[in-house]
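What follows is a set of notes on a single structure, which appears directly below.
The values are calculated or read from the model by the stated rules, or taken from the named source; none is laboratory data. Note that this is a predicted model, so its numbers are computed, not measured. Neighbour counts run over all protein chains shown; Cβ positions are idealised from the backbone, glycine included. Note: areas computed on protein heavy atoms with side chains; ligands, DNA, RNA excluded. Shrake-Rupley method; radii C 1.70, N 1.55, O 1.52, S 1.80 Å.
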Amino acid sequence: MCLIIFILDLAVKSYLIGWNEFRKNKWLISYTIVIIVSILDWVLSISMICDEKLRVRRLFRPFFLLQQSSLMKKTLKCIKRTLPEIASVILLLALHLCLFTMIGMLLFPKTEDPLKNEEWKVYFRNLPTSLTSLLVLLTTANNPDVMIPAYSLNRGYAIFFVSFSVIGTYFLMNLMTAIIYNQFRGYLLMAVQTSIIRRRLGIRAAFQVLSCHNPENATRERVPIDAALQVMSRVQMQTYYRDAMVLETHQYETDGFINREQFRQIFDELEKDRIKEHPSLPHYNSVGLRKLQIIFSHCIFTIFGNAVALAHVVCICTVLVLNSEKSVAERDNHNMEIINMCFIIYYLFEMCVKIFALSWRGYFSYRNNIFDGFLTIILLLMALVASTLLDLVKNLRAFAGILVVAYYIFAVFGIWLFEGAIKPPSVPYNTTINNITSNLSTECGTYEQLGYWPNNFDDFAAAIILLYNIMIINNWQAFIEAYTRYTTEWSKIYFVCWWFTSSVMWVNLFVALILENFTYKWDRSNSCSVTDVERIRYETSVQLIFKEQVKEPTEEELLYQLQQHPHLHLYWTHETN
């Protein structure tokens, strides 16, 4: 049924854009190939009564998610363009790793004294083991374990490991982050620029279509307001945007017409998110009540309330520290109850006077008031971070989708390659993992000694959790070492590829997006009034982040592209193109 839906979707899209455009669209061509391969694999499964172990179409399923999202396509293109730019840093990392691997194998050879062979035996026995040990050290997961045997013999060996970490971890890896951030930001700016040009092109075409109904309007480059309003009434859009555009249209109403620039400015309302307007303050006839209203609605009163909340937190922490060594029976909570009661009375007073100053609707229209009893001065700064995280939810959809695809593909490959490779020991009834581990003669820090048996590729859910644990990096060398022992040395390629994809590429792109959002927020918050800061929370998007750096297309560029458009035949001052 799903394949039938995809076939219909492909047929409709191909029919609408035509054969010439279809041949130029790589995504639709790939869509066709994926559907054909999926159908062939499905037919093969049916012929084998669904008893085959390898289903190729499982690898292609994430494609259907990717090709339906323009944001994910742009992000993939960003990653594709970023990879060549960081190739030089990857090469430097590879040379750095190989150089120190050779130095390490020369520093820690096998000797006649068994007591001095611990470093060689565990970490530098051969080339693959040496490379793996230093690669893990690059992520700091096995530090300082990797240097302890040599360091115990001679402190001078610490120079080797510290030099490797400083150059690789703190210089080259951070250099890669900087390059990824710079390339990612440049591509986002380019993508936003392209999006702006497409929007302006569509608006310019719409203006030309509406003005072409009357030769005089086309000559004078104007559009009747009634025609614009009629079109907006028929177009499906959110009521808020329609009302905003209608209001903006009436502002330009002079002689019943709007010019090209005014028409463009009307559509700027579509680029703005809805701004939450707080209810108006209640009106009091008494002069004294109005003065109290001004005091209790002022931001200083809110800051004072946050200071009180901070004092409350300090009191609670002090009492907890004093009672930490006492049992529950020995603790005297009488004084603490009195202090809490005083703070509660103040919180009730603060809530009442704010309701008095703002009204019920006005009070609950502010998010801070809902959490008033929990705010502190530190949380005032954290509000900026919290709002940034809220914006990331909007802008991170494409990244999350690609990460889901990566998890899916690597999980499927992991199941194909390593399903059943590690089998946990049989567990008798009432036997704990600690008892199992203690009965096994394994070295400390290994997969078996740590009891990592649930981390395997025996099913899809377990594979996802194992990939997540590797992405976190901590102790990922235990998984590499275990699957190397239970399978082959080539299994390291799989784990290193996943580490590079998830921890290096995706995490750095995620950091780049956080930096861009936070920088935008911080700059705007320091240059705007309190009211404008309230508005920023509803205006952050990828387009608005680069709004000041985006170059608007000129009229000549728009006209040229419209004249070259294969499906538009518009009038230009009595001439048809």
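Summary of values
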quantity	calculated
Accessible area of the range 1-64 belonging to carbon and sulfur atoms, whole % at 1.4 Å probe	73
Selection of trypsin sites (Lys or Arg not before Pro), the range 124-190, meeting DSSP coil and at most 16 other Cβ within 10 Å	Arg125
Neighbour-limited loop hits for trypsin sites (Lys or Arg not before Pro), the range 29-86 (at most 15 other Cβ within 10 Å; DSSP other than H, G, I, E, B)	Lys53
Whole-Hz couplings from phi, Karplus 6.51/-1.76/1.60, listed for the range 114-123; x for Gly and Pro	x, 5, 9, 9, 5, 5, 5, 5, 8, 10
Dipole magnitude of the range 1-53, debye to nearest 20 (Cβ charges: Lys/Arg +1, Asp/Glu -1, about Cα centre)	320
Residue pairs, from the table Lys53/Lys423; Lys13/Lys551; Lys24/Lys74; Lys121/Lys492; Lys26/Lys551, whose Cα atoms sit over 21 Å apart	Lys13/Lys551; Lys26/Lys551
GluC sites (Glu not before Pro) restricted to the range 43-132 and DSSP loop, no more than 15 other C-beta within 10 Å	Glu52, Glu112
Portion, in percent, of the accessible area of the range 131-215 that falls on carbon or sulfur, probe 1.4 Å	63
Peptides ranked, highest mean first, by Cβ atoms within 10 Å: ranges 472-485, 309-322, 12-25	472-485, 309-322, 12-25
